[in-house]
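*Asks:* Below you'll find the structure I mean.
The values are calculated or read from the model by the stated rules, or taken from the named source; none is laboratory data. No experiment lies behind these values; they were computed from the predicted model shown. Cβ placement follows ideal geometry from the backbone for every residue including glycine, while neighbour counts extend to all protein chains displayed. The protein model used for the area step is the full one, side chains on, heavy atoms only, and it has no ligands, DNA or RNA in it. Shrake-Rupley method; radii C 1.70, N 1.55, O 1.52, S 1.80 Å.
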Amino acid sequence: MSDYKLNVQGWVEDVKPSVTKKQYEHATYTYYNYRSGKRSFRLITVEIDNGDVMYFAENHVTSEANRVSLRITAKDGNPQEIYSFLPGKPSAWQKLTEMPDSLNAPTYAEGEKLSYRIGKTEVYRPLGHTVFEEMPYYSPNVTVRKKSKDMEYEAVLPADSTSMSTNWGILSGPPLINWSEQKAYKKALDIEFDQDKKLRGDGAYTMIPKNYEPATETAFYRNPSNGEGLRANEFVSQPSMGKLFTDISTHLAYTAVAAQNEEGYWPTYPRSKWLNKEYRIGYAYMDNRRNADNATFLLRYLQQKPDSAVRQALNKWDSYLLRYIDRYNQQVDGRTISFIPDYVGHEGSRRTHTSLNHLAANMNYLLEAYLYDRDPAKKKAAEKLYAALEVTNQKWIRPDSNFYYALTPSFSPYPAEDYYKLTRDDLLHSQTLLVLLHGQRSKTLQYLIEQKEKWINAHPAPEVKFPEIKTP
C-alpha cells in the first residue's frame, strides 16, 4: 500500500508465513499464518473494491507465552480531525485536538490524504462454541509516535496458555466517516464495535445473554443475525456519508457466506439453558429470527452490490427456509397455514413455541425477497405465514392489549410478555410490504398494531438517565 505500511514484529519476524487468498467480487481476503512451535499468529487483510483495506491481527492461545507487535504507519503526519469512541450509556464520540501518545479506545483520524480507524487491542479467554470472555484489564494501550511526515501506531498483542488477543482497523482515503453529516456521525456511533459488540475476522460478536452457556459477565459470542450489517447497509449506496459503512457491510456479508452451514442456515453455537431445559435444544441450533435478520441483510446488500457468492448463500437459505415452512404445514378452517417454531435443535429436541416477532420477521424476509426476484415459491410461503397470523390474530392479545410473547403449537398463550416495541415495528414493516404487494393495508395487521400501540401509549417507556460525559 503506497500510503500505509503494516509490519509485524517479534518471533514472527523469523517465520515465513503460509499465505492463502479468498477472492470475492467486492473484496479479497489474504491470510498470513505464522507458526513456530506452539505459537500461532494470524494477520488478515481485506482489500475492499472501494480502495480501503481492513486488517485483523490475532495472536492465539499457546503454552509458549509471547507478544507480537503490529505496527501501522500512515504516511500523513497531520490528521485534521480526530475522534475517539467513548463507551457509556449512551456512548459518544470525543473530538480530540491532537493525537495522544497512546490509545485505549477505537480512534478515527481524517486528513487531506488519508482516513483511518486504529482499533484498541483486546484480550480474550476462549470459552468454546464461538464464545470469548474479554479481559479488558490485560489489554495494552496502542502506542502513538508522531514523526515529521508519518504517524506510527504500535499495538502489542499478548498470548499465553489461557488467553489470546486481537486488533483490527481500517486504512482508507477520505472520507471514512463524514463527520459533518449528522446521520453519518450517529450511524457510525451506532455500529462502532467496542462496548457491547465486537468485530473479528470471522464476523460480528455481541454480548452473550446471561442464560447461555458457556458465558461470563464480559463474554461475547458470534451472533448470526448481523444487525450491524443491516444498520450499516443503509448508507452503502451513499458514499458521501463515508466508506466505513460499505467496509463493514462487505466484511459482514462475506463472513456470513463463510459461516453458513451445509443445511443452509447460520447456527447459534452456544447453548441456551432455557431452550435446553424446555425443549432439549443444545449447541449449534437454528434460531429463525437471527437467520431471517441475516438473510434480510444479505438481500439488501445484494441489491446494492450484486455478488454471486452472496446470491448463492441466499439461494441456499431460501431452499432451507421453504422446506422448513412446508414441514409445519397444517389445515385450519380449510386454509393451509405454517406455524413455524422459533428454534430447531438436533435429533431428540422437541418442537418449540412460535413468537409473533419471529413469525413476522420470516414473513417480511420472504415478502422482500419476492418483491426483489418475483419467485412465486417465496410468495406462497409468505402467504402461509400470513395465514397463520390471520388464524391466530385474536390469540396474541392479552387482556391489557399487550401481546403474549408466543403461542404453543396448540395456539395456547406462552406465559411471557412481549418485547416493548420490537414486534410492533416488525408488524409495521409487514404492513408496508403488503401495501407494496397488494396496494392496500391488512386489517389483521392493523388490528394487531392498534392493540399493541394502545398498550404502549398506556405504558410509556421508563426514562433512562445517563451520566454526563465530559470532554476536554
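*Asks:* How many residues, within segment 98-116, are touching an Asp or Glu at 6+ places or on another chain (Cβ under 9 Å) and not hydroxyl-bearing (Ser, Thr, Tyr)?
*Replies:* Going through segment 98-116 one residue at a time, the tally reaches 8.
*Asks:* While we're on this one: What are the residues in segment 393-422 that are touching a Phe, Trp or Tyr at 6+ places or on another chain (Cβ under 6 Å) and assigned to a helix (DSSP H, G or I), if any?
*Replies:* 395, 396, listed by residue number.
*Asks:* Separate question: Cβ-Cβ distance below 8 Å, separation of 6 or more or different chains: which pairs start in segment 352-377 with a residue that is more than 14 Å from residue 388 (Cα to Cα) and end on one that is open to solvent by 10 Å² or more (accessible area, probe 1.4 Å) and not in a helix (DSSP H, G or I)?
*Replies:* Correct list of pairs: 352/343; 352/344; 369/375.
*Asks:* Could you tell me which numbered condition residue 266 fails, if it satisfies all but one of (1) of a type outside the set (A, V, I, L, M); (2) within 23 Å of residue 132 (Cβ to Cβ); (3) in a loop (DSSP other than H, G, I, E, B); (4) open to solvent by 10 Å² or more (accessible area, probe 1.4 Å)?
*Replies:* It is condition (4) that residue 266 fails.
*Asks:* Given the condition under 30 Å from residue 117 (Cα atoms), crowded, with 23+ Cβ neighbours inside 10 Å and touching a residue at least 40 places away in the same chain (Cβ under 8 Å), answer yes or no: does some residue in segment 269-287 qualify?
*Replies:* No; the residues of segment 269-287 include none that is under 30 Å from residue 117 (Cα atoms), crowded, with 23+ Cβ neighbours inside 10 Å and touching a residue at least 40 places away in the same chain (Cβ under 8 Å).
Matching residues to (1) open to solvent by less than 60 Å² (accessible area, probe 1.4 Å); (2) out of contact with any Lys or Arg (no Cβ under 6 Å at 6 or more places or on another chain); (3) at pLDDT below 90:
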site: 433; (1), (2), (3): yes, yes, no
site: 442; (1), (2), (3): yes, yes, no
site: 450; (1), (2), (3): no, yes, no
site: 454; (1), (2), (3): no, yes, no
site: 463; (1), (2), (3): no, yes, yes
site: 469; (1), (2), (3): no, yes, yes
site: 472; (1), (2), (3): no, yes, yes
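*Asks:* Right, another one. Is segment 274-286 home to any residue that is within 17 Å of residue 359 (Cα to Cα) and either not aromatic (Phe, Trp, Tyr) or not assigned by the TED database to the domain that holds residue 350 (or both)?
*Replies:* Taking every residue of segment 274-286 in turn, at least one turns out to be within 17 Å of residue 359 (Cα to Cα) and either not aromatic (Phe, Trp, Tyr) or not assigned by the TED database to the domain that holds residue 350 (or both).
*Asks:* Of everything in segment 62-120, what is among the hydroxyl-bearing types (Ser, Thr, Tyr), over 15 Å from residue 179 (Cβ atoms) and at pLDDT 95 or above? Give them in sequence order.
*Replies:* 62, 63, 69, 73, 102
*Asks:* Evaluate segment 209-230: report whether one residue or more is within 19 Å of residue 87 (Cα to Cα), open to solvent by less than 40 Å² (accessible area, probe 1.4 Å) and of a type in the set (D, E, K, R).
*Replies:* The answer is yes, given that some residue of segment 209-230 is within 19 Å of residue 87 (Cα to Cα), open to solvent by less than 40 Å² (accessible area, probe 1.4 Å) and of a type in the set (D, E, K, R).
*Asks:* Looking at segment 4-19, I want the residues that are more than 19 Å from residue 53 (Cβ to Cβ) and have a partner that is surrounded by 15 or more Cβ atoms within 10 Å (Cβ to Cβ) and among the hydroxyl-bearing types (Ser, Thr, Tyr) with Cβ atoms under 7 Å, at least 6 apart or on another chain. Which pairs are those?
*Replies:* Close Cβ pairs (under 7 Å, with a partner that is surrounded by 15 or more Cβ atoms within 10 Å (Cβ to Cβ) and among the hydroxyl-bearing types (Ser, Thr, Tyr)) amount to 9/69; 10/69; 12/34; 15/34.
*Asks:* Within segment 130-145, identify whether any single residue is in the same structural domain as residue 42 (by the TED database) and more than 28 Å from residue 67 (Cβ to Cβ), and answer yes or no.
*Replies:* no
*Asks:* Also, I was wondering about something else. Tally up the residues in segment 167-193 that are open to solvent by 10 Å² or more (accessible area, probe 1.4 Å) and in contact (Cβ under 8 Å) with a residue 12 or more places away in the chain, please.
*Replies:* 12
*Asks:* Could you tell me which numbered condition residue 258 fails, if it satisfies all but one of (1) over 24 Å from residue 114 (Cα atoms); (2) in a loop (DSSP other than H, G, I, E, B)?
*Replies:* That leaves (2) as the condition not met.
*Asks:* Output the residue which, of all residues in segment 59-82 that are in a loop (DSSP other than H, G, I, E, B) and out of contact with any Lys or Arg (no Cβ under 6 Å at 6 or more places or on another chain), is farthest from residue 161 (Cα to Cα).
*Replies:* 80
*Asks:* Further, regarding this structure: Return the only residue of 8, 68, 12 being of a type in the set (Val, Ile, Thr), crowded, with 20+ Cβ neighbours inside 10 Å and touching a helix residue (DSSP H, G or I) at 6+ places or on another chain (Cβ under 7 Å).
*Replies:* 68
*Asks:* Quick test of your reading of the structure: residue 51 fulfils all but one of (1) under 27 Å from residue 239 (Cβ atoms); (2) part of a strand (DSSP E or B); (3) within 24 Å of the chain's Cα centre (by Cα); (4) not acidic (Asp, Glu). Name the failing condition by number.
*Replies:* (2)
*Asks:* Still on this model: Which one of the conditions (1) touching a Leu at 6+ places or on another chain (Cβ under 9 Å); (2) surrounded by 22 or more Cβ atoms within 10 Å (Cβ to Cβ) does residue 257 fail to meet, given that it meets all the rest?
*Replies:* It is condition (2) that residue 257 fails.
*Asks:* Only one of 85, 56 is touching a residue at least 24 places away in the same chain (Cβ under 8 Å), in a strand (DSSP E or B) and farther than 30 Å from residue 38 by Cα; which?
*Replies:* 85
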